[in-house]
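Novice: Below is the structure I would like to discuss, written out as structure tokens.
All of the numbers you see were taken from the coordinates with simple rules; none came from a lab. It should be emphasised that the depicted structure is a prediction, and the values quoted were computed from it without experimental measurement. When we count neighbours, we look across all protein chains shown, and the Cβ atoms used for this are built from the backbone with ideal geometry, even at glycine.
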Amino acid sequence: MLIACQNEEAMVSLCMRSFLEFGDELIVVDNGSTDHTKDIVRDLQRQNSDKIKFFDRPELADLYQNRQFALEQSSYEWILRADADFVAYTDGENDIMRFREYLLKRKRLLRPETIAVPMGSVIGDFWHTGVPMRQGGYRANPERAQVPEAVLPPGVRFYRHFPFFKFLRHGRREVVRFWRLMKRIYWDRPLWMHCNIKSDMNHLYRSERTNWRELGDFERYPTLHSYLENIVREKYGTDDLAEAAGIYMQRHILPYLEPYDPQKYCPYPTLVAEQMERNPIYEIYEEQGKLKRRFCGIDYPPNQSQND
């Protein structure tokens, strides 16, 4: 299992703990976190040294480079391309261990295989998600480009390793070599929830990350931070990144959210439900007819401690 992470202190612990039983190995590659993400991962690695491999590689600017580096450290036939804000179902009808049994029973075909799975998505906090797609799709509207729907359609996340397998960039997308020739299998139920719960600053960074990578001018802008410093004045009318992040949330995220209904969409994973009861991390509320968001604090599990 390949986990790419950057500034995911709110979710990375839930993510890794939810996949521990499923994966024979968890290969976590961090490419430049400035929060406590790396400390949290290292704590979990110390507790599960037989299964978790951690690499601190800030020089891997592009996501496909992160994936490719992780792939080169892997040892197993089936590969899960995951993000650090995925939280797996560990029980019930969507239990990811049932899917593991299915994988291990599949016979190898001559044609390379991929498996696409849908996933539920919460944004901003655990109680909200993106508004439903309208005609033309939300991606056609740049104002909503970072706000996906409550349930994302099946996307390829599993690959069966084959000779010359490699992660690449294709325009704005991260792909693998020979992806058009691969047999695609569709799984009919979510195996995890996408918990897009980040700081305002992290949301701003994510909104521009693909643009920075697609530009590819790493000599001029070696880091995403340097790129943002160059464009933030034009887009948000300020040189203060924290202020720009608040403006970004008010413009591009909060107006396009609606309550998440687990009965209508997908149930919450058990670890997420427990987190919501302990500490929701962020909470969205209404004030004077507008949605706003407050930070409730990062909640570390009892057997983990924040390293300052």
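Novice: When we measure straight from the Cα of Lys292, which lysines land under 17 angstrom away, once same-chain ones fewer than 8 places off are left out?
Specialist: Within the straight-line limit of under 17 Å, Lys292 reaches these lysines: Lys198.
Novice: Give me the net charge of Pro154's neighbourhood, meaning all other residues with Cβ under 15 Å from the Cβ of Pro154; Lys, Arg count +1, Asp, Glu -1.
Specialist: Within the 15 Å Cβ shell, the charges total +2.
Novice: Could you calculate the FRET efficiency of Lys105 with Ser49 from 1/(1 + (r/R0)^6), where r is the beta carbon distance between them and R0 is 25 Å, rounded to 0.05? Numbers along the way, then the final one.
Specialist: On the way: r = 29 Å, r/R0 = 1.18.
That pair, Lys105 with Ser49, gives E of 0.25.
Novice: Of all DSSP beta bridges located in the chain, what percent are antiparallel, nearest 5?
Specialist: 55
Novice: Another question about this same structure. Can you give me the C-alpha center-to-center distance between the stretch 13-51 and the stretch 251-292, rounded to a whole angstrom?
Specialist: Spelled out, the Cα-based centre of one part sits 25 Å from the other.
Novice: Straight-line reach from Lys183: which lysines have Cα under 20 Å away, leaving out those fewer than 8 places along the same chain?
Specialist: Lys105, Lys107, Lys166
Novice: So, one more: Under the classification rounded if a/c is under 1.5, otherwise prolate if a/b is larger than b/c and oblate if not, where does the stretch 199-253 fall, given a ≥ b ≥ c as square roots of the Cα gyration tensor eigenvalues? Could the numbers behind the result be given before it?
Specialist: On the way: a/c = 2.20, a/b = 1.64, b/c = 1.35.
Prolate, since a/c reaches 1.5 and a/b exceeds b/c.
Novice: Indicate the gyration tensor shape class of the stretch 171-308 (rounded, prolate or oblate), computed on the Cα atoms with a ≥ b ≥ c the square roots of the eigenvalues: a/c under 1.5 is rounded; otherwise a/b larger than b/c is prolate and the rest oblate.
Specialist: On the way: a/c = 1.63, a/b = 1.09, b/c = 1.50.
Taking the square roots of the gyration eigenvalues as a ≥ b ≥ c, the stretch 171-308 is oblate.
Novice: Here are a few candidate values for Cα extents along the principal axes in Å: (1) 60, 59, 36; (2) 84, 45, 38; (3) 57, 48, 46. Which one was actually calculated from the structure I just gave you?
Specialist: Of the listed options (1) 60, 59, 36; (2) 84, 45, 38; (3) 57, 48, 46, (3) comes from this structure.
Novice: Quick check: Cα centre of the stretch 143-219 to Cα centre of the stretch 57-114, how many Å?
Specialist: 13
Novice: Moving on. For Cα pairs less than 8 Å apart in space and 6+ apart in sequence, what is the mean separation divided by the residue count of the chain, i.e. the relative contact order in percent? Show your work: numbers first, answer last.
Specialist: On the way: 542 pairs, mean separation 66.6, N = 308.
For the chain, the relative contact order is 22 percent.
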